[in-house]
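The values are calculated or read from the model by the stated rules, or taken from the named source; none is laboratory data. As the structure is a prediction and not an experimental result, all values here were calculated from the model. For neighbour counting, all protein chains shown are included, and Cβ atoms are generated from backbone atoms with ideal geometry for every residue, glycine included. The accessibility values were calculated without ligands, DNA or RNA, using every heavy atom of the protein model including side chains. Shrake-Rupley method; radii C 1.70, N 1.55, O 1.52, S 1.80 Å.
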Amino acid sequence: MEAADFEAWGKVVVDRAAELILAAIPAAQQPEPGKTARRSLAGTGFISRHLLFLQPDLLAPRALWLYVVPAGHSYDFRPPHDRVGAGLMHDAKNELSSSRFAAGMQRSGAFTWKVHLDARHEGYRMALKVDPESDDPGTVGADLSEQVLQSLQRIGLIEPPA
């Protein structure tokens, strides 16, 4: 798949996941949608979006980073594969502490501390292997959002649906 086609596919994935996740975050937690954008790292494009919200106690911010990267990208993991992923961060620029206790990640769900292929980048991540040639981007976005929401509920960052 050509880079431009991969990025268009990735934009649909990220937008669909963001739509579903934002709908599940209570308004009291002040969810902010951020913008989906094409970014470049080491000359390779990828799709990225940050969703911002407050913890349920409304005292601390959190950011959810949604992204789509081609195999071998700096933000990919071993073994290299096309991936969609999510990172849980303090805010859009700062990672949570690697200490599970300090980060409030005692019950982390599918988020685990991972080091990307470029070891300068690490944090609490979850990622799904994808095949953009055959996977429907809307379905992949829905799958990603489902896993993210289950994890956010397990961590206690959002309430489960009634």
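Structure values in brief
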quantity	calculated
Any hit, region 109-126, residues being of a type in the set (Asp, Glu), open to solvent by 30 Å² or more (accessible area, probe 1.4 Å) and under 20 Å from residue 90 (Cβ atoms)	yes
Output for region 78-121, where each listed residue is hydroxyl-bearing (Ser, Thr, Tyr), in contact with a strand residue (DSSP E or B) (Cβ under 9 Å, 6 or more places away or on another chain) and assigned to a loop (DSSP other than H, G, I, E, B)	97, 98, 108
Selection count, region 118-130, where residues are touching a residue at least 40 places away in the same chain (Cβ under 8 Å) and among the acidic types (Asp, Glu)	1
When residues of region 67-84 are limited to those that are closer than 19 Å to residue 146 by Cα and touching a Leu at 6+ places or on another chain (Cβ under 7 Å), the one most open to solvent (accessible area, probe 1.4 Å)	83
Residue identified as assigned to a strand (DSSP E or B) and closer than 26 Å to residue 6 by Cβ among 67, 75	67
Residue 133 being assigned to a loop (DSSP other than H, G, I, E, B), over 30 Å from residue 2 (Cβ atoms) and touching a residue at least 12 places away in the same chain (Cβ under 8 Å)	no
Qualifying residues in region 27-64 (those that are assigned to a loop (DSSP other than H, G, I, E, B) and open to solvent by less than 50 Å² (accessible area, probe 1.4 Å)) - the one nearest to residue 144 (Cα to Cα)	36
Condition broken by residue 94, with the remaining ones in (1) among the polar types (S, T, N, Q); (2) open to solvent by 50 Å² or more (accessible area, probe 1.4 Å); (3) touching a residue at least 12 places away in the same chain (Cβ under 8 Å) satisfied	(3)
Cβ-Cβ under 8 Å pairs, at least 6 apart or on other chains, region 6-28 side closer than 17 Å to residue 47 by Cβ, far side among the polar types (S, T, N, Q) and open to solvent by 20 Å² or more (accessible area, probe 1.4 Å)	11/36; 14/36; 15/36; 18/36
Verdict on residue 11 being farther than 19 Å from residue 108 by Cβ, assigned to a loop (DSSP other than H, G, I, E, B) and modelled with pLDDT of 95 or more	no
Pick from region 1-26, criterion under 21 Å from residue 128 (Cα atoms) and of a type in the set (Val, Ile, Thr), ranking: most open to solvent (accessible area, probe 1.4 Å)	12
Count of residues meeting criterion [over 14 Å from the mean Cα position of the chain (by Cα) and open to solvent by 70 Å² or more (accessible area, probe 1.4 Å)] in region 132-162	9
